[in-house]
Amino acid sequence: RLGTDCYRSHEEINNYIEDLQSRFPSRVHVRHVGYSYERRDLKTILITNGDGVKNKKVIFVDAGMHAREWISPSTGLYVIQQLVENFEENKHLLEKYDWVVMPMINADGYEFTRSSPDNRMWRKTRQPYEDCIGVDPNRNSGFMFGYAGTSDNPCVDTFKGPYPFSEPEVAVLRDVLLSLKGRIDFYLTLHSHGAYIIYPWGYDYIDAPNVDELETVAQAGFNAIFKHSGRRYKVGNSAKLMYPAAGASDDYAYAEAGARISYTMELPSGGSRGFDPPPSDIKSYVEESWAGISAMAEKVIELY
Ligand code: 0X9
Ligand code: ZN
């Protein structure tokens, strides 16, 4: 069992989920879904309760989109652990829904941030464009591509890329989401930092059609986290509460993959730069976040 005492490499995460599949073959299915630009193996893990019922609806969680947001994959991993290794306590979350977790989207960027303290604040992918490297994967999706909060400059942190899904990692995420189209009731993408639960639309200051549902489920997360740790997450429309940003995965999942509930969760800050909570804090952060995530899942189960 992987502890929460340190940040894990992409390879450790992949090995861990492969290991889970051998330990729990009736409940865990790991799939290779594609390669990063630098040919790292991208995987998803499908978690079920083992009852053999096919094509249940899905709760989808992804992590590791922005390279420097290390608490994100740690949290994704914790979600997997809770659902698989702590099955008895959490099996009520797996009756109506299967969970699909993609624990590391931007594997190249993540490994780059681990390679040297000088690279710790890298955000983007690692594919070169002109004189600079990388695209912001959260500006690279095809819904309202380039509309607001994006850059045409390859040297900027919010570079949207030359065209939608130019980044293999983002194209892989698209394909995984589209393969589950219509089955996803809840899409959650884990980022950091700032303690926000934010929902569509994110490309502009516009309320989504089911804003009331989006608000209700997010409030369940807010309440659970507040009860757990006293932290007050900020909840609301993504553009209004943070800033407009087009081409993000939350809008894409909502608009194109039919995810009724779609959130970006900005996990809490930590460390001197906000993106680098000390390893000793990982445990309390992931436990707190799981309180929120499981409460939101319970609310989705109750509503749909
Ligand atoms: O800017 C982002 O991509 C996200 N914040 S972060 O600090 N993790 O980079 C927020 C994205 C919110 N979603 C949309 N605006 N659609
Ligand atoms: Zn982010």
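The values are calculated or read from the model by the stated rules, or taken from the named source; none is laboratory data. Bear in mind that the values here come from a model prediction, so they are computed numbers and not experimental data. Neighbour counts are summed over all protein chains in view; Cβ atoms, including those assigned to glycine, are modelled from backbone coordinates with ideal geometry.
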Pair list, Cβ < 6 Å and 6+ apart or interchain, from the range 63-76 residues that are farther than 16 Å from ASP136 by Cα and of a type in the set (A, V, I, L, M, F, W, C) to residues that are within 11 Å of ligand 2 (Cβ to nearest atom) and at pLDDT 95 or above
ILE71/SER192; ILE71/LEU267
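For THR216, indicate whether it is of a type in the set (Ser, Thr, Tyr), within 16 Å of ligand 2 (Cβ to nearest atom) and closer than 22 Å to TYR97 by Cα. Steps first, answer last, please.
Numbers: of a type in the set (Ser, Thr, Tyr): yes; within 16 Å of ligand 2 (Cβ to nearest atom): no; closer than 22 Å to TYR97 by Cα: yes.
Answer is no for this residue.
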Just one of GLY202, GLY182, GLY194 is in contact (Cβ under 8 Å) with a residue 40 or more places away in the chain, within 16 Å of ligand 1 (Cβ to nearest atom) and out of contact with any helix residue (DSSP H, G or I) (no Cβ under 9 Å at 6 or more places or on another chain); which is it?
GLY194
May I ask you to list the residues in the range 223-246 that are touching a residue at least 40 places away in the same chain (Cβ under 8 Å), surrounded by fewer than 21 Cβ atoms within 10 Å (Cβ to Cβ) and more than 16 Å from ligand 1 (Cβ to nearest atom)?
ASN223, LYS227, HIS228, SER229, ARG231
Taking the range 90-140 and keeping only residues that are in a helix (DSSP H, G or I), over 24 Å from SER166 (Cα atoms) and not charged (D, E, K, R), one is left with ASN90, HIS92, LEU93, LEU94, SER115, PRO117
